[in-house]
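Everything below concerns the one structure shown next.
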Amino acid sequence: MMELSESDVRALALAPRAWREAIASVYGRLARGQVQVAPKAHLQPSPEELLIALPALDLERGYSACKWVNVVPASRAAGGPTVNSVLVLNDWRTGRPLALIAADGITAERTAAMSAVAARHYARHDSTRIGFVGCGVQARSHFAALRDLFPGLQQATVFGRRIESARIFADELCALGVQARASSEARDAVAGQDLIVTTVPGGAQEALLDPGWLAAGAFVAAVDLGRSWRRSGLSCFAQVVTDERAQSVALGREGRLVSAGPFAADLADIAGGRAPPPDDAGARTLFAFSGHGAADLAGAILVYEAALRARGAEMHAPA
């Protein structure tokens, strides 16, 4: 069985386009009934701690995968990560385990690719301005994914809980050729932006963003399950879309996702050609999502097969 660490995954240097195509492909297979995903299984040993299992099966490609996530916020005090995740990839017909893959990096890349698939369908193709509310790992992976999709992005505004963190991220973006600035006002990262990425962590005390600040045609990737957005303003969006409709309806009814629908589309609708494109260039779109096992399956397959090629190994083709 192959074992891949976080550094092994990074060394593969998979391009944003490869992630985007892998996500679109797996959701296309989901739309055709060739991918099956079980609901997320949760254990919550305390109000802040969470254990999550995300199993999925690809009938067409012959793989199965399960991501196991441990969320332990208290580990931050000791200098450790608050989230640790691992993926197990199997040949589903024989049950043989193929790979054990450290999955924190995969989670960042697949999440950004999910947003990119939605943005390709709903965002303005001539987008030039992007705003970030939150400036951690997901903000960085989203910039890479969206810059690849929208090469005209020239301006960025960053808001974070700590202005120092926002400045560090803004400096990184400047080094990549973007006119970027940090702001101490959340509104600056929303108003007038074509694309907005919100990654406010759990535990935030209030929803600080007003959808009424959005420009016409804005696209929002609510990586934070929409917790940063005021629910009273959701009517400002012409459509709310998500990663997987049934899962999001359930999470919304539990109060964990900003909306319980109705959702105009999910990623299977988009990848399967069932979601009509917006008929109004000024329509605002909210992509509110929580992550989904099909995307983890796609990431595991992509990384595993890239690692086989990098090692010169014979490609595994499940029987």
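The values are calculated or read from the model by the stated rules, or taken from the named source; none is laboratory data. Since this is a predicted model, take the numbers as computed values, not measurements. FYI the Cβ positions are ideal-geometry reconstructions off the backbone, even for glycines, and counts take in every protein chain you see.
Looking at the stretch 245-252, can you tell me whether even one residue there is part of a loop (DSSP other than H, G, I, E, B), of a type in the set (Gly, Ala, Ser) and surrounded by fewer than 18 Cβ atoms within 10 Å (Cβ to Cβ)? Scanning the stretch 245-252 turns up no residue that is part of a loop (DSSP other than H, G, I, E, B), of a type in the set (Gly, Ala, Ser) and surrounded by fewer than 18 Cβ atoms within 10 Å (Cβ to Cβ).
Every test in (1) in a strand (DSSP E or B); (2) closer than 25 Å to residue 118 by Cβ is passed by residue 68 save one, and that test is (2). Among the residues examined, residue 31 qualifies as closer than 23 Å to residue 93 by Cα, assigned by TED's automatic domain parsing to the domain that holds residue 91 and surrounded by fewer than 19 Cβ atoms within 10 Å (Cβ to Cβ).
Condition first: closer than 18 Å to residue 227 by Cα, surrounded by fewer than 17 Cβ atoms within 10 Å (Cβ to Cβ) and in contact (Cβ under 8 Å) with a residue 24 or more places away in the chain. Can you find one or more residues in the stretch 137-159 that meet it? No, because not a single residue in the stretch 137-159 is closer than 18 Å to residue 227 by Cα, surrounded by fewer than 17 Cβ atoms within 10 Å (Cβ to Cβ) and in contact (Cβ under 8 Å) with a residue 24 or more places away in the chain.
Screening the stretch 206-244 for residues that are within 21 Å of residue 39 (Cβ to Cβ) and β-branched (Val, Ile, Thr) and picking the one that is surrounded by the most Cβ atoms within 10 Å (Cβ to Cβ) gives 242.
Please work out which residue is nearest to residue 118 (Cα to Cα), limiting yourself to the stretch 1-36 and to residues that are part of a helix (DSSP H, G or I), of a type outside the set (Gly, Ala, Ser) and free of Cβ contacts under 8 Å to residues at least 60 places away in the same chain.
Looking only at the stretch 1-36, we keep the residues that are part of a helix (DSSP H, G or I), and these are 6-11, 16-31.
When the remaining residues are screened for being of a type outside the set (Gly, Ala, Ser), the result is 6, 8-10, 16-17, 19-21, 23, 26-27, 29-30.
Remaining after also requiring free of Cβ contacts under 8 Å to residues at least 60 places away in the same chain: 21, 29.
Values: 21: 12, 29: 16 Å.
Only one residue fits best here, namely 21.
Quick check on this structure: which one of 75, 85, 25 is surrounded by 13 or more Cβ atoms within 10 Å (Cβ to Cβ), out of contact with any Leu (no Cβ under 8 Å at 6 or more places or on another chain) and at pLDDT below 85?
On the way: 85 fails: at pLDDT below 85; 25 fails: at pLDDT below 85.
Exactly one residue qualifies, and that residue is 75.
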